[in-house]
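**Q** Please see the structure below; I have some questions.
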Amino acid sequence: MHMTSVTAAAAPAATGAELVVPPLPPRLPNDASQEEKAAREAIMKERRRIQKAINEQKRGKRDRSEREQLSGAQHRKQAEAEAKRADANRRRQSVSQHRRAAREKKRPRLGESFGSIRQREEQRLLGNSFVFEDQRVRVCEGVACGPSCKTAGQCGTVLRRAELCVQEKGGSVSSLKLSSAGFAQIEGPQHFHTVQLDDVSTPVMLSPYHVQPWPAIGQEVGWMPSEPQDIATVKYFHNTQDPDFDVDDPEDNSYYVLSRPFYALPAHVEVVAPVGGRVRVGSWVRLREPHPEADPDDGAWGFREPPPAVAAEMLSSVGRTELTPADVERLMSTPQMAVASAHVLVVKSICEDCGQCLELEDTFYASHRDLTPLIPGWEQREPCRFHCTYDHQYFVWFDCAADEKIVAPNITFSNVSSSPDPVVHGAQQVIRKVVHYNGTDTLTNVTATLSQYWKVLGKWVRFLKIDTDVCKEHAGACPFAPGDAHALTTHHPPLHWGTPYGWYRSKQVFTNTLTGERLGCLDERFEYCKDSNSCKKDSSA
């Protein structure tokens, strides 16, 4: 075996002689002994030490003679000055951003018309009181328009909208100044709406703060004069210039886009486009027999629809086949849909519990002439009158008497609904239900034990349990005589700002307060979202 001899170099004498780095020892073979490896490591360590000493000699001593050492007080003054400069910079930046925002507000966006800017600014000034020309309104505060002219509560049509914004030279747009209360300062006649009231022969001038849209956006109204219990929700106002109508009469332009929930079985629908496509959440579908409202002659629920080729072209412009609420609004604004007064049926959700229930959202046009206020007792309408039974476990509610082992419940429920659906941030929730009493003795005291749950990671977590007096909470609910059916309505204020979004559940066990007998059970469920576009219905709730 070949051996390489390595001898550790002696350390240089500490005499002030010039330091010399020892030569690099030869590389050892793989089979070198531990002694040879240790000797080579000692030489390498000495090389590094001498090299470091040489580097220190070459660097020399640092000259700190002119370096100023600050005292503690000087450090504090310097820090205060830097803080003041930073604060001044922040103020200048804030003022600059404010001025930039003011300039952007006055400067029209690239390609944006004055009409678009005016609409945006007036919507900001008026909020929910903003209206379009030809839109229907109701007077919420009377004004003096003559000795026998009483306008409070009357309805009419806006002939000319108040001008709260003007276009100045250079293209900038300015709006009216605001009062200390935050309202626009109404001064000249151009700042008033011109409204033709139904019971007044001549148009009247009304402040934009004295009228409100009717129907309002989000309002529930009747839309079928022949079936007053058919309820729909107003989505937005839509001006139409259908040549079939008398455009000289502004009331004929007062059309609204409505929506309502609709139910069907998978066999009742087919996809509009692409033809033969699979029914999914968001699919645009049409009704087919044997659904009760499918029209065999028109083949499309008795309502006009665009031909498959036109529908495919419209979906191509949207860019997808699963439609969102914004996509439906774009479809409804197309000329083909407006002229045809078409209905758009979109699959909102598919029940996974039974696999045989589709919840559809029907979006359609309706003239204000067909819209009516809700009739008394409208809460008792059948929400799913085609095939869904009352005890069907579907999103909103189901009878939980069996879960609570109530063998023969004396209280049952029907027509349970939650509005709005889904519940969105800042909205007031209204829960309606009809309570049926099937007992033999009259009830004078009823207690409902409420257990509130929140769904976390697929599990229901109870966060509240409380007893409520049904008779005190609902005036006129008691007594319950045998065979009685009472419609109860509960108004909940907007949820706290810190309430997490998601699915919520309220289990209510009704008990005879005097005897302790459990009478029935109701399980209500709803979804709470930031807005309607962010909600995703989950039938597994």
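No lab work stands behind these numbers, since they all come straight from the coordinates. Remember, predicted model here, so these are calculated numbers, not experimental data. With ideal geometry, Cβ positions are generated from the backbone for all residues, glycine too; neighbour counts draw on all protein chains shown.
**Q** So if R0 is 56 Å, what FRET efficiency would T499 and Q78 give, r being the distance between their Cβ atoms, rounded to the nearest 0.05?
**A** On the way: r = 48 Å, r/R0 = 0.86.
About 0.70, to the nearest 0.05.
**Q** Could I ask something else about it? In nm, to one decimal, how far is the modelled label at M224 from the one at I43, with both set 7 Å along Cα→Cβ?
**A** 10.3 nm
**Q** Using every Cα-Cα pair within region 395-529, state what percent have a distance larger than 19 Å.
**A** On the way: 4539 of 9045 pairs.
Tail of the P(r) past 19 Å holds 50 percent of the pairs.
**Q** Net charge near T490, counting Lys/Arg +1 and Asp/Glu -1 over other residues with Cβ under 9 Å of its Cβ? Numbers along the way, then the final one.
**A** Numbers: positive: R432, K433; negative: E473.
Neighbourhood net charge equals +1.
**Q** With a point put 7 Å past each Cα toward its Cβ, work out how far R59 is from T449 in nm, to one decimal.
**A** About 8.0 nm separates the two model spin labels.
**Q** Then there's this: Compute the signed sum of charges (Lys and Arg +1, Asp and Glu -1) over the other residues within less than 13 Å, Cβ to Cβ, of R91.
**A** Details: positive: K84, R85, R90, R92, R99; negative: D87.
Charge balance in the 13 Å sphere: +4.
**Q** If you only keep lysine pairs separated by 8 or more in sequence, or across chains, how many in region 395-529 come under 18 Å at the Cα atoms?
**A** Details: K405/K507; K433/K472; K433/K507; K455/K465; K455/K507; K459/K507; K465/K507.
Close lysine pairs found across region 395-529: 7.
**Q** What does the extension gain come out to for D403 and E270, with contour length at 0.36 nm per residue minus their alpha carbon separation?
**A** Numbers: separation 133, 0.36 × 133 = 47.88 nm, distance 3.67 nm.
Answer, rounded to one decimal: 44.2 nm.
**Q** Hey, another quick one. Taking 0.36 nm per residue of sequence separation and subtracting the Cα-Cα distance, how much length would be gained by fully extending the chain between L514 and V461, in nm to one decimal? Don't jump to the answer; show the numbers that get you there.
**A** Numbers: separation 53, 0.36 × 53 = 19.08 nm, distance 3.05 nm.
That pair, L514 and V461, stretches by 16.0 nm at full extension.
**Q** How much net charge surrounds A32 when only other residues with a Cβ under 14 Å from its Cβ are counted (Lys, Arg +1; Asp, Glu -1)?
**A** Values: positive: R27, K37, R40; negative: D31, E35, E36, E41.
Value of the local net charge: -1.
**Q** Report the FRET efficiency, 1/(1 + (r/R0)^6), for V20 and K530, where r is their Cβ-Cβ distance and R0 is 51 Å, rounded to 0.05.
**A** Values: r = 77 Å, r/R0 = 1.50.
So the FRET efficiency works out to roughly 0.10.
**Q** Sort 119-126, 463-470 by packing, meaning the average of other beta carbons within 10 Å per residue, with the highest value first. Present the calculation step by step, with values, prior to reporting the outcome.
**A** Numbers: 119-126: 16.2, 463-470: 12.8.
My ranking of the peptides, most packed first, is 119-126, 463-470.
**Q** Next question, about the same structure. Give, in nm to one decimal, the length gained when the segment between H98 and V318 is fully stretched (0.36 nm per residue of separation minus the Cα-Cα distance). If you can, show how the numbers build up before the last one.
**A** Numbers: separation 220, 0.36 × 220 = 79.20 nm, distance 3.71 nm.
Using 0.36 nm per residue and subtracting the Cα-Cα distance, I get 75.5 nm.
**Q** Based on the Cβ-Cβ distance from T489 to S201, what FRET efficiency comes out when R0 is 41 Å, to the nearest 0.05?
**A** Details: r = 40 Å, r/R0 = 0.98.
For R0 = 41 Å, the calculated efficiency reads 0.55.
**Q** Then there's this: From zero outward in steps of 10 Å, how is the percent of C-alpha pairs of region 147-221 spread across the bins?
**A** Result, from short to long distances: 16, 39, 32, 11, 1 percent.
**Q** Once both labels are modelled 7 Å past Cα along the beta-carbon direction, what's the A152-V279 spacing in nm?
**A** Here the modelled spin labels are 5.3 nm apart.
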